[in-house]
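The values are calculated or read from the model by the stated rules, or taken from the named source; none is laboratory data. Note that the structure is predicted; figures quoted are calculated from it, not measured. Quick reminder, even Gly has a Cβ in these numbers, built from the backbone with ideal geometry, and neighbours come from all protein chains shown.
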Amino acid sequence: MPRVREIGDPGSDPVLKETFAKETDAFGFVLNTTKIQAHTPGIMRAAKQLSTAVERSGLLPPELLALVYLRVALINGCPF
């Protein structure tokens, strides 16, 4: 059970609606991290923009980026 309640419904917030729709289209569901970050939509959007900027920068090769994501998931106890 998560310590922070997940937001399952974007309600009337346009930022949440857009993000939830994009992730549902891309993955078939809304990511757990998004549901947690949805408590503060502005920070959620900024965090996603930061992740996108790191991926698009090309400063880390895709193989290394995948290993970074894996290591962070392991540190956080994430099963994937």
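Taken over the range 8-34, the criterion of being more than 19 Å from residue 78 (Cβ to Cβ) and either in contact (Cβ under 8 Å) with a residue 40 or more places away in the chain or of a type in the set (A, V, I, L, M) (or both) is satisfied by 15, 16, 21. Within the range 28-65, the set of residues being outside any helix (DSSP H, G or I) and surrounded by 11 or more Cβ atoms within 10 Å (Cβ to Cβ) comprises 29, 30, 31, 38, 39, 40, 60.
Step by step: first the residues of the range 18-42, then only those that are among the β-branched types (Val, Ile, Thr) and within 11 Å of the chain's Cα centre (by Cα), then the one that is modelled with the lowest pLDDT. Which residue is that? Reasoning before the result, please.
Residues of the range 18-42 among the β-branched types (Val, Ile, Thr): 19, 24, 30, 33-34, 36, 40.
In the following step, the residues that additionally are within 11 Å of the chain's Cα centre (by Cα) were identified as 19, 30, 33-34, 36.
Details: 19: 95, 30: 95, 33: 88, 34: 94, 36: 93.
Only one residue tops the list, namely 33.
Being out of contact with any helix residue (DSSP H, G or I) (no Cβ under 8 Å at 6 or more places or on another chain), surrounded by fewer than 12 Cβ atoms within 10 Å (Cβ to Cβ), at pLDDT below 95 and part of a helix (DSSP H, G or I) is a description that does not apply to residue 73.
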